[in-house]
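As structure tokens, the structure follows; a few thoughts come after it.
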Amino acid sequence: MTDTGVTWLTPESAQRLKEELDALIANRDVIAAEINERREEGDLKENGGYHAAREEQGQQEARIRQLQDLLNNAKIGQAPTQSGVALPGSIVTVYFDDDESDTETFLIATREESIATDVEVYSPSSPLGAAILDAKVGESRSYRVPSGAEVTVTVVSAEPYQH
């Protein structure tokens, strides 16, 4: 079974995320200086600029932690080489509920990959993504949608993603 906890990233996406992380880390001093400047303006209870700067700092620190965790645990450039099996990093075409005219093609990856491609991206941990992981062409799987209905999906094709 495929490990759905692992994030698959293309080398290009990993580089883009690394650049974002580096820029956020480099900006720490700027935010700290702004907080100090706002603190010197006086009463902190009514200092909107100070609170806004602290809020921005908190958001940036959260994104830094998210990026660090993502990059530390990602499989970079580990695109599948196997055709015919729905794996993270595969472009998959499926049809729904035995209606072969109701097809959809998408990449099984994370939202971080969605920026690098013009095809729809489904997470391996989404209901559809989790249902079809490791499914072979022609195999049908079922999953529940948020409304509680059960949907059957059949894999038509699965090919390694080529950026």
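The values are calculated or read from the model by the stated rules, or taken from the named source; none is laboratory data. Remember, it's a predicted structure, so these values are computed and weren't measured experimentally. Positions of Cβ are backbone-derived with ideal geometry, glycine not excepted, and every protein chain shown enters the neighbour counts. Protein only, heavy atoms only, side chains kept; ligands, DNA and RNA dropped before computing areas. Shrake-Rupley method; radii C 1.70, N 1.55, O 1.52, S 1.80 Å.
With (1) surrounded by 13 or more Cβ atoms within 10 Å (Cβ to Cβ); (2) touching a residue at least 24 places away in the same chain (Cβ under 8 Å) as the list, and Ile35 as the residue in question, which single condition is left unmet?
Looking at each condition in turn, Ile35 falls short on (2).
From the list Thr93, Thr81, Thr10, pick out the single residue that is in contact with a His (Cβ under 7 Å, 6 or more places away or on another chain) and under 16 Å from Pro160 (Cα atoms). Explain how you work it out, then say what you get.
Working: Thr93 fails: in contact with a His (Cβ under 7 Å, 6 or more places away or on another chain); Thr81 fails: in contact with a His (Cβ under 7 Å, 6 or more places away or on another chain).
Every option except Thr10 fails the conditions.
Kindly indicate which of Ala74, Ala53 is in contact (Cβ under 8 Å) with a residue 24 or more places away in the chain and of a type in the set (Gly, Ala, Ser). Even if it seems obvious, please write down each step before you answer.
On the way: Ala53 fails: in contact (Cβ under 8 Å) with a residue 24 or more places away in the chain.
Only one candidate passes the filter, namely Ala74.
Just checking, how many residues over the range 126-148 are open to solvent by less than 50 Å² (accessible area, probe 1.4 Å) and outside any helix (DSSP H, G or I)?
Residues meeting the conditions: 7.
Of the residues Ile91, Ile64, which single one is surrounded by 14 or more Cβ atoms within 10 Å (Cβ to Cβ), within 17 Å of the chain's Cα centre (by Cα) and within 30 Å of Ala131 (Cβ to Cβ)?
After ruling out the rest, the residue left standing is Ile91.
Does Gly42 satisfy being without any contact (Cβ under 8 Å) to a residue 40 or more places away in the chain and not aliphatic (A, V, I, L, M)? Show your work before the answer.
Details: without any contact (Cβ under 8 Å) to a residue 40 or more places away in the chain: yes; not aliphatic (A, V, I, L, M): yes.
Taking the combined requirement at face value, the residue satisfies it.
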